[in-house]
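**Student:** I have a structure I would like to understand better, so I am pasting it below and will then ask my questions one at a time.
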Amino acid sequence: MAQHQVNYIQDGGLPVALTTIDKVVNWGRSNSLWALTYGLACCGIEMMASGASRYDFDRFGTIFRASPRQADVLIIAGTLTKKHAEFIKRLYDQMTEPRWVISMGSCANTGGMFNTYATVQGADRIVPVDLYLPGCAPRPETLQYGVMLLQKKIRSEKAIKAQKPKRLL
Amino acid sequence: MRRYVPKDDVQKKSYYTDRYWVAPQVPKEKVSSDKVFAEDLKAIKAKFKVLDAYIQVEQMVVYIQPEDNVGVLALMKNVLDYTQLSELSAVDFLSQRGEFDIFYQMLSMSKRKRIRVKCAIKEGEAIESVEKLFRSADWSEREMYDMFGIKVNNHPFFKRILMPDDWEGHPLLKTYPLHGDEFAAWYEVDKIFGKEARDIIGPEIRDDAAVDRYDTKRFARLGHEVPYGAEIPEGEPAVATEYQEDDGVFLIERFEKNSSTVITDRDR
Ligand code: SF4
């Protein structure tokens with residue numbers, strides 16, 4: 001038995017060249033952020049516009065995928081109703097780690113103008129959110145800026161890390 | 001922020017307590033003032049009991065007894081040529097009269113006329129389905145049940161249409177609070193995480209007036225980003241928008257503000 005047992009799997013346990021590996025992995029991750037096609041209401045139109053030719057999300061490496069199994073980032077674009085809340089939770093659970101969530105627009109942030117019985121008052125009651133984009137609806141520039149900020153955030157993270165439960169298990 | 005008040009018993013009492021409010025009425029005309037409507041009313045009166053009838057905004061309103069609804073609508077469809085049921089729902093008059101008004105909005109393309117057939121039923125009573133006559137009544141009757149809790153007999157597929165199947169309460173009732181009752185407020189939390197998660201997640205923040213620029217948990221300003229929940233002092237300076245780290249990113253072109261072009265002509 002070695003005197004100093006190294007747990008290679010555990011958070012930050014790798015003994016050598018950690019920053020380099022981190023950088024390489026994070027560089028790859030941040031430039032291939034595949035987003036789940038998830039337009040819930042009017043904000044979804046702006047999300048589609050971001051993906052289309054004028055704003056061209058592909059140059060960021062952000063490609064919309066129709067399956068949560070292939071997606072890294074969940075863009076909640078629109079009004080989240082209480083009826084739909086369980087489905088968004090299920091889709092989030094189906095995404096493979098590491099995964100990130102962008103809450104796009106006032107509705108997903110706080111319920112927005114739908115201060116009613118049927119609307120979830122903030123998507124962060126259901127899933128942990130990394131980035132909140134203000135606006136009703138946010139312009140495609142805002143979403144692109146958000147994705148760039150998310151890339152910056154990913155680059156500053158550790159590559160191998162246990163995903164901490166941000167709110168609930 | 002306002003204090004959170006539990007909404008346990010709010011469904012028991014009526015929402016509107018202004019007893020002196022009188023809703024303005026659109027002027028009513030006699031049915032005899034319109035020849036086509038007068039004939040139609042005569043045909044209906046010959047077979048069914050008509051409680052009231054008048055013309056309002058060039059449409060005839062006919063009050064019938066609730067048990068006659070299928071008969072009257074069949075007569076109007078087959079004999080009087082009102083071939084479309086454009087709308088069907090209910091109006092909550094529980095606090096005034098203790099009953100619902102159910103209305104059927106009929107349209108005749110050949111006569112270019114509209115008739116509204118109305119009947120009143122008490123709370124807890126059921127009405128016969130008109131789905132056999134008009135397919136459009138299928139979803140409308142489900143919606144009527146969903147929103148008012150009015151049961152419909154002999155409907156082919158009778159369940160809620162808008163709200164989830166396990167929802168409690170009927171949201172379009174005047175006694176239903178706009179922000180939801182206790183059940184509605186915790187619906188998604190109870191369903192996904194269970195009741196024990198209520199304390200962790202906390203009550204909904206429903207205060208429209210709550211705007212706090214130093215609250216970094218619920219507000220963000222473009223170009224002034226700070227981490228979630230960070231403390232920001234009063235009068236903090238604006239932080240320039242930064243897309244990338246200072247030393248750049250491998251293989252990725254650095255965005256230079258100075259050399260970039262700002263598009264002012266959107267139609268170029
Ligand atoms: S934030 Fe505005 S644009 Fe976006 S979904 Fe809500 S209402 Fe629509």
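**Student:** Shape call for segment A:57-169 from the C-alpha gyration tensor, a ≥ b ≥ c root eigenvalues: rounded (a/c under 1.5), prolate (a/b greater than b/c) or oblate? Walk me through the numbers before you get to the answer.
**Tutor:** On the way: a/c = 1.71, a/b = 1.26, b/c = 1.36.
Oblate, since a/c reaches 1.5 and b/c is not below a/b.
**Student:** Quick one: compute the contact order of segment B:28-153, relative version, from alpha carbon pairs under 8 angstrom and 6+ residues apart, as a percent. Provide the component values of the computation, followed by the final result.
**Tutor:** Numbers: 217 pairs, mean separation 26.8, N = 126.
After rounding, I find 21 percent.
**Student:** For the pairing of chain A with chain B, what total accessible surface becomes buried, with a 1.4 angstrom probe, in square angstrom to the nearest 100?
**Tutor:** Working: alone 10030 and 18750 Å², together 25390 Å².
For chain A against chain B, roughly 3400 Å² becomes buried.
**Student:** Threshold 50 Å², probe 1.4 Å: give the residues of segment A:135-159, in number order, that are less accessible with all protein chains present than with their chain alone.
**Tutor:** So the qualifying set is A:145, A:148, A:152, A:155.
**Student:** At a probe size of 1.4 Å, how large is the accessible area of residue B:175, to the nearest 10 Å²?
**Tutor:** 40 Å²
**Student:** May I ask you to give the solvent-accessible area per residue for segment B:59-132, in square angstrom, as obtained with a 1.4 angstrom probe?
**Tutor:** With the other protein chains kept in place, segment B:59-132 gives 44 Å² per residue.
**Student:** Here's a follow-up. Straight-line reach from residue A:158: which lysines have Cα under 21 Å away, leaving out those fewer than 8 places along the same chain?
**Tutor:** A:23, A:166
**Student:** Report the antiparallel proportion of the DSSP beta bridges in segment B:28-153 as a percent, rounded to a multiple of 5.
**Tutor:** 80 percent
**Student:** Next up: Under a straight-distance cross-link criterion of Cα-Cα below 16 Å, which aspartates and glutamates are reachable from residue B:191, leaving out those fewer than 8 residues away in the same chain?
**Tutor:** A:86, A:93, A:124, B:165, B:166, B:168, B:181, B:182, B:199, B:204
**Student:** Something else: Step through the residues of segment B:42-58 one at a time and calculate ³J(HN,Hα) from phi using the Karplus curve (6.51 cos²θ - 1.76 cosθ + 1.60, θ = phi - 60°), rounding each to whole Hz and writing x for Gly and Pro.
**Tutor:** 4, 5, 5, 5, 5, 10, 10, 7, 10, 7, 7, 7, 7, 10, 9, 6, 6
**Student:** Let me ask something additional. Under a point spin-label approximation (7 Å from Cα along Cα-to-Cβ), what is the residue B:46-residue B:251 distance to one decimal in nm?
**Tutor:** 8.5 nm
**Student:** Apply the Karplus curve 6.51 cos²θ - 1.76 cosθ + 1.60, θ = phi - 60°, to the phi angles in segment B:119-124 and return the couplings in whole Hz, x for Gly and Pro.
**Tutor:** With coefficients 6.51, -1.76 and 1.60, one gets 8, 10, 10, 6, 5, x Hz.
**Student:** Of the heavy-atom accessible surface of segment B:28-153 (probe 1.4 angstrom), what whole percent is carbon and sulfur? Could you put the intermediate results ahead of the total?
**Tutor:** Details: 3050 of 6330 Å².
That fraction is 48 percent.
**Student:** Continuing with this model, one more query. Using protein chains only (no ligands, no nucleic acids) and a 1.4 Å probe, work out which residues of segment A:104-133 have their accessible area cut by at least 30 Å² relative to the chain alone.
**Tutor:** For segment A:104-133, once contacts with the other chains are taken into account, A:110, A:115, A:116, A:117, A:121, A:125, A:126, A:132 lose 30 Å² or more.
The values are calculated or read from the model by the stated rules, or taken from the named source; none is laboratory data. All values reported here derive from a predicted model rather than from experimental measurement. So basically every Cβ, Gly included, is an ideal-geometry build from the backbone, and we count neighbours across all protein chains shown. We work out accessible area using only protein heavy atoms, side chains counted, and drop any ligands, DNA or RNA first. Shrake-Rupley method; radii C 1.70, N 1.55, O 1.52, S 1.80 Å.
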